[in-house]
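The values are calculated or read from the model by the stated rules, or taken from the named source; none is laboratory data. None of these values were measured; they are calculated from a predicted model. Note that we place each Cβ from the backbone using ideal geometry, even for glycine, and neighbour counts take in every protein chain shown. In case anyone asks, the SASA skips ligands and DNA or RNA and just uses the protein heavy atoms, side chains included. Shrake-Rupley method; radii C 1.70, N 1.55, O 1.52, S 1.80 Å.
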Amino acid sequence: AVAVERELGEESAWWPYLKLLDCKHTFPLFYEDGDLEMLENIPLKESLTVTNRAVQLLVEKSGLADVPLRESLMLVWGRRFSCDVATGMIPLGDLLNHRFYPSCAWESPTPESPDVWKLRAKMDMAAGDSLNFCYCEDPNHLLMTTSGFVVKENPYDRIMVRPSDLRKALLSVCNEKSSEDFASWREQQIEEQLPDPEEEGVGLSMYLVGRQPGGIQWNDLWLNMIGLAVTEDPNGEHWSATPEGLQMYLAAMEKASWSLFPQSLEQDLAQGEDFADSNQEMAATMRRGYKELLKEAVDKLKDRLAAG
């Protein structure tokens, strides 16, 4: 509907509103192949590629021009409001930016007043203060695909990884001193505990580690599988029983976790801040945010285990 109304131009009854809307040509619907590689995120890359194909099919079926349709989809995704009784775009109200700790909050329409949205300040405000509100509590990969932006130091960010990549990382740190029988059983357990999704699809992934309101939360299965990987003999002394075993576990956990990225945080930051366009900047913000999260998570886990 937005695409059709924008195509009408001044003949549209909504033109006074529509002409105010500016659409940036960025993720999730405007990108080059190289932009996808810069994400260093295979599940997200797959999801964006499939979304792009779906839009191409929609262009063919609708008869609408490609770029205006993509712009309209981006505007709807980034500006829509949803509640129990309605979903829509609110003129002027949708100009407010997102903040996880906002200055304002929307009060949704009620059955008694289905057409009324109220914006209330959450704090004392002065002239010139920014009006913003919290769109959602989503990690960056969801913010990118649904709203076309990411947030530095996202307090709800999380790292999602394909099971196949987790298996590969675990196998790379398995104890080479294990017997052939135990090594074979361990590999089977890794396959069974980290299986590929039963349903066919793209962008399917598992939670590795993320930020929560209470702090950083690891996937316990991942940490347990690291313990299995470093075990030499299941009938022998547990790895946690000695300082050497603990160091071996921490080294394997760090190596396996960082192997999920093609380069370290330090290597990434060394590339600087000279970005050719908004997509490159967005991709850098996202992947560096993941690596900063992983570094913090690894360091805190080391400190906790070292303290006993």
Checklist (1) within 16 Å of the chain's Cα centre (by Cα); (2) at positive phi; (3) part of a helix (DSSP H, G or I); (4) not aliphatic (A, V, I, L, M) applied to GLY9, failing item:
(1)
For region 60-69: of the residues being touching a helix residue (DSSP H, G or I) at 6+ places or on another chain (Cβ under 6 Å) and under 11 Å from LEU29 (Cβ atoms), which is surrounded by the most Cβ atoms within 10 Å (Cβ to Cβ)?
LEU69
Residue list for region 293-308, restricted to those being in contact (Cβ under 8 Å) with a residue 40 or more places away in the chain and closer than 22 Å to LEU142 by Cα
LEU293, LEU294, GLU296, ALA297
Single residue of region 131-149 satisfying the filter (in a loop (DSSP other than H, G, I, E, B) and open to solvent by 30 Å² or more (accessible area, probe 1.4 Å)) that is nearest to VAL50 (Cα to Cα):
PHE149
In region 152-181, which residues are surrounded by 19 or more Cβ atoms within 10 Å (Cβ to Cβ) and aliphatic (A, V, I, L, M)?
ILE159, MET160, VAL161, LEU166, ALA169, LEU170, VAL173
Would region 280-295 turn up any residue that is of a type outside the set (Gly, Ala, Ser), surrounded by fewer than 13 Cβ atoms within 10 Å (Cβ to Cβ) and out of contact with any helix residue (DSSP H, G or I) (no Cβ under 7 Å at 6 or more places or on another chain)?
no
If I filter region 145-153 for residues that are of a type in the set (A, V, I, L, M) and within 22 Å of SER103 (Cβ to Cβ), do I get at least one hit?
yes
Among (1) under 15 Å from PRO91 (Cα atoms); (2) of a type in the set (A, V, I, L, M); (3) without any contact (Cβ under 8 Å) to a residue 60 or more places away in the chain - the single one VAL2 does not satisfy:
(3)
Qualifying residues in region 22-73 (those that are among the hydrophobic types (A, V, I, L, M, F, W, C) and over 26 Å from the mean Cα position of the chain (by Cα)) - the one nearest to LYS291 (Cα to Cα)
VAL59
Search result, residues across region 252-301 that are hydroxyl-bearing (Ser, Thr, Tyr) and in a helix (DSSP H, G or I)
SER257, SER278, THR285, TYR290
Considering region 182-205, residues that are buried (at least 18 other Cβ atoms within 10 Å of the Cβ) and under 21 Å from the mean Cα position of the chain (by Cα), and then whichever is farthest from TYR156 (Cα to Cα), we arrive at LEU194
